[in-house]
Structure formats: C-alpha cells, structure tokens
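The values are calculated or read from the model by the stated rules, or taken from the named source; none is laboratory data. All figures in this text were calculated on a predicted structure; none of them were measured in a lab. Cβ atoms come from the backbone with ideal geometry, glycine included; neighbour counts cover every protein chain shown. The accessibility values were calculated without ligands, DNA or RNA, using every heavy atom of the protein model including side chains. Shrake-Rupley method; radii C 1.70, N 1.55, O 1.52, S 1.80 Å.
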Amino acid sequence: MTNKYFKYLLLAPALLILGTITMFPLIRSFWISLHEWNLTDSLEMGEFVGIDNYLQAMSSSGFWNSVTVTLTFTVATVFITIASAIAVGLLLSKEKPYISFLRAVLIIPFALSPALVGYSWRFMLNPDYGLFDRIIGFLIPPLSDVVILGTPTTALAALVSVAVWIWLPFISLMFISGLMGLPNEVYEAAKMDGASNMQILFRVTLPMLQPIILIASILMTMFSLKQFDPIVTMTSGGPGNSTEVLNFLIYSTSFRYFDMGYGAALGYILAIMTIGFVLIYMRRLVKGGEWN
C-alpha cells in the first residue's frame, strides 16, 4: 500500500506548485471578469456585474471586428503553414548528404524571437528602403506603390506571412519525421499497381499523414490564436483596426485603457474559442478522420 501511493507523494510538491501558478490565476481572472474594474477609477475591484462584461463584448462592433480578423488570420496561417510544411517535408525527407545541413538551417527562423522577427519585417517592408518592399514591387508591379503595412489587406497578409515564416520550420520538422517513418512497402506496392506520383501523394502519403496533419493543425491553431509579438511590433492593430486580433484587443483593453474586468472577459472568450477549435480537431483525430 505504501509503495502504491509513494509515487503520488513524490509528485505532490510539483502538482501543488503547478496548481498554484495555473489554477489560481485562472480562477482569479474569471472572478475579475465578473466585476466592473477600471484602474483609472480605482485600484480596488469594483462591483459585481455578473456576465455584463461578456454581454458587452457580444454587442461591441470592435469585438466582432477582432473576431473576424482573428478567424481570417488563423485560417490563412494554418492552411498556408500546413500546406507549405508538407511540401518542405516532401523535399527534405530524402536521404541525401546535403539534406541534413538544410534541416539544420531550417530551424533558424523558429529560434529567433518573434518580437525581433516583427521588427525585422517592419524594417524590410518599409516603402522607402525596405528590401522586401522592393522585391514585392518588382515581382508584383501593381503593389510597387502600395505601402504594405499601411493598407488593411496587405498588412494582414504581411502578418500571415510572418506567422508562417516563424512556425514553418517547426511544423516542417514534424512532417519530415513523419514521412521518414512511413513504410516503403506501401509505396512499392502503389508503384507496382501503376499509381502516378500525384496519386501516391493524395491516396497514400496524405492519408497516412493525417494524424500528424491534425496534430499540426491543433498546434498551429493555438499558436495563431495567441499571436501577439509580430502584431505589436509591425502594425499595432492598424491601419485602423484591420489587424486587431482578439489577443491584441485584450492587451489594449487591459493595459492601454485599464479596463481589467472587460479585458478578463475577452480573455476567457478567446480561451473558449481555442478550446472549441481543439475539441473539433481532437474529435476528428479520435474518430480516425471521420466527422460522424
């Protein structure tokens, strides 16, 4: 009996610390979300208002704008990153001498600070001396006179590009590992049956990679929903509020306008959105790719 519970006794200190630093802030922030509390008026928590902060969000045009921007940014980032990572995985999963070096180089963007990446891209997208701005203007002449970070559509596209650039190496390594672990017998059988390369890709490779695709989608969705550093350093939610994702709206509400109650409510709405996406992905993963 002693040996049975000894392992739990050893885990108890770690679980206690983890519970203290995670559960207490969660409970405290939820309690704050049920109160009116603006730091410009008082340093003490205000009166209990129930779900009024959540109802305020539901009736706010700024909130729904941030939800739209967040969903657009998330869908575009997840789709482009997963598709690009599969392509990179197919290219770098071969057993050739120089491939190992390319795999090592691939991790460099992921190792850089997101804030540093944001400042770098902002510098390179500058219309006066930015390298990326000149390249875009050369490759796409209609955009040569467009201020990339000054136009709503191009600013959001730039943020998606930065997010893809940051997370592509990590997701690509997942697919490289998955592709290298696939059995060669399946490919040999497919070739013997006369399957083309495209048929092998869509009917053999991608179905076998589906668990990795779903896990990568879960991770990318979570990463995209909590994206913050590049948005602060590149656009600060502008121009206007065209790139104001929900995470940035939470920051602005809480630490620019000091409305802690409303900001906490927005934080929980974002958490619910994230959990909803994860549950959808996990349901499909558990069901083996079927939605029923």
Q | Selection from segment 158-179 of residues that are among the small types (Gly, Ala, Ser) and either in contact with a Leu (Cβ under 7 Å, 6 or more places away or on another chain) or open to solvent by less than 20 Å² (accessible area, probe 1.4 Å) (or both) | A | 158, 163, 172, 178
Q. Does segment 1-11 contain any residue that is within 18 Å of residue 266 (Cα to Cα) and out of contact with any Pro (no Cβ under 8 Å at 6 or more places or on another chain)?
A. no
Q. How many residues does segment 121-145 contain that are outside any helix (DSSP H, G or I), without any contact (Cβ under 8 Å) to a residue 12 or more places away in the chain and in contact with a Gly (Cβ under 9 Å, 6 or more places away or on another chain)?
A. 2
Q: Would you mind finding the one in 90, 116, 102 that is touching a residue at least 12 places away in the same chain (Cβ under 8 Å), among the aliphatic types (A, V, I, L, M) and assigned to a helix (DSSP H, G or I)?
A: 90
**Q.** For residue 142: the one exception among (1) at pLDDT 85 or above; (2) out of contact with any Pro (no Cβ under 9 Å at 6 or more places or on another chain)
**A.** (1)
Q) Among the residues of segment 146-156 satisfying the criterion of being hydrophobic (A, V, I, L, M, F, W, C) and touching a residue at least 40 places away in the same chain (Cβ under 8 Å), which is farthest from residue 244 (Cα to Cα)? A) 149
Q: Have a look at 217, 242 and point out the one that is under 26 Å from residue 175 (Cβ atoms) and either surrounded by 15 or more Cβ atoms within 10 Å (Cβ to Cβ) or in contact (Cβ under 8 Å) with a residue 24 or more places away in the chain (or both).
A: 217
Q. Given segment 184-292, what helices (runs of 4 or more DSSP H) lie entirely inside it while holding 3 or more residues that are under 15 Å from the mean Cα position of the chain (by Cα) and modelled with pLDDT of 85 or more?
A. 206-225, 229-234, 246-255, 260-286
(Q) Of everything in segment 99-122, what is open to solvent by 50 Å² or more (accessible area, probe 1.4 Å), under 16 Å from the mean Cα position of the chain (by Cα) and farther than 29 Å from residue 180 by Cβ? Give them in sequence order. (A) 113
Q. Within segment 146-157, which residues are outside any helix (DSSP H, G or I) and either open to solvent by less than 40 Å² (accessible area, probe 1.4 Å) or not hydrophobic (A, V, I, L, M, F, W, C) (or both)?
A. 146, 151
Q. Based on what the data block shows, is residue 36 touching a helix residue (DSSP H, G or I) at 6+ places or on another chain (Cβ under 9 Å), buried (at least 16 other Cβ atoms within 10 Å of the Cβ) and of a type in the set (Asp, Glu)?
A. yes
